[in-house]
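**Q** First, the structure itself, so that you have it in front of you.
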Amino acid sequence: DIVVTTGGVSVGDYDIMAAVMHGLRSGEPDKDPSNEGSGQAGDRLLFNKVAMRPGSPTSAAIVQGKLLLALSGNPGACFVGFELFVRPAILHMQGASREAALPKVMTARLAASYEKGSPHERFVRTRLYVDQGMLH
């Protein structure tokens with residue numbers, strides 16, 4: 001039902017998943033099996049790269065009727081991609097509602113300043129703790 005890969009999604013010589021993703025058409029399923037650039041009928045690119053750090057080369061497609069999620073090979077980026085895309089997809093495929101499958105959102109006070117460095121969404125490893133009744 002689902003194929004998850006790690007690594008090979010960026011722009012290096014051995015990044016074969018990037019080539020697979022570029023070979024798929026984006027958008028709606030292709031009903032014409034003779035269409036050459038899209039593989040099997042119905043194969044399609046869902047998204048190729050996301051505006052987040054780490055994990056921007058994360059991609060998704062439908063290939064031979066299966067969901068393909070291609071995550072970064074960087075361990076931190078792979079973890080973020082798994083939590084944001086793979087875990088919710090698996091939970092939803094197992095019957096959880098979309099809302100229940102998505103990661104929980106909390107509001108907390110940042111305990112120390114952090115320089116983002118790019119306009120993209122940034123995911124940073126941290127820990128949550130309560131101090132004087134406030135989540136930090």
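The values are calculated or read from the model by the stated rules, or taken from the named source; none is laboratory data. In this text, all values refer to a predicted model and were calculated from it rather than measured experimentally. As a convention, Cβ positions derive from the backbone with ideal geometry for all residues, glycine included, and neighbour counts pool all protein chains shown. What goes into the accessible areas is simple: the full protein's heavy atoms, side chains included, and nothing from ligands, DNA or RNA. Shrake-Rupley method; radii C 1.70, N 1.55, O 1.52, S 1.80 Å.
**Q** Can you pull the percent of the chain's accessible area that's carbon plus sulfur, 1.4 Å probe, other chains left in place?
**A** The C+S portion of the solvent-accessible surface of the chain is 55 percent.
**Q** While we're on this one: If we sort 52-64, 102-114 on the protection proxy, mean other Cβ atoms within 10 Å, highest first, what's the order?
**A** Packing order, densest peptide first, comes out as 52-64, 102-114.
**Q** Would you please classify the overall shape of the range 61-116 from the alpha carbon gyration tensor, given that a ≥ b ≥ c denote the square roots of the eigenvalues, rounded means a/c under 1.5, and beyond that prolate means a/b larger than b/c while oblate covers the rest?
**A** oblate
**Q** Could I ask something else about it? With every protein chain kept in place and ligands, DNA and RNA left out, what is the accessible area per residue of the range 71-136? Probe 1.4 Å, answer in Å².
**A** Value returned for the range 71-136: 80 Å² of accessible area per residue.
**Q** Now, a different point. Of the listed peptides 71-82, 90-101, what is their order by residue-averaged count of other C-beta atoms within 10 Å, with the highest listed first?
**A** 71-82, 90-101
**Q** Rg/Rh for the chain to two decimals, with Rh computed the Kirkwood way over all alpha-carbon pairs.
**A** With Rg and the Kirkwood Rh in hand, the quotient comes to 1.06.
**Q** A further question follows. From the helices alone, meaning DSSP H stretches of at least four residues, give me the mean residue ellipticity at 222 nm for the chain, per-run term -39500 (n - 2.57), in deg cm²/dmol to the nearest 500.
**A** -4500 deg cm²/dmol
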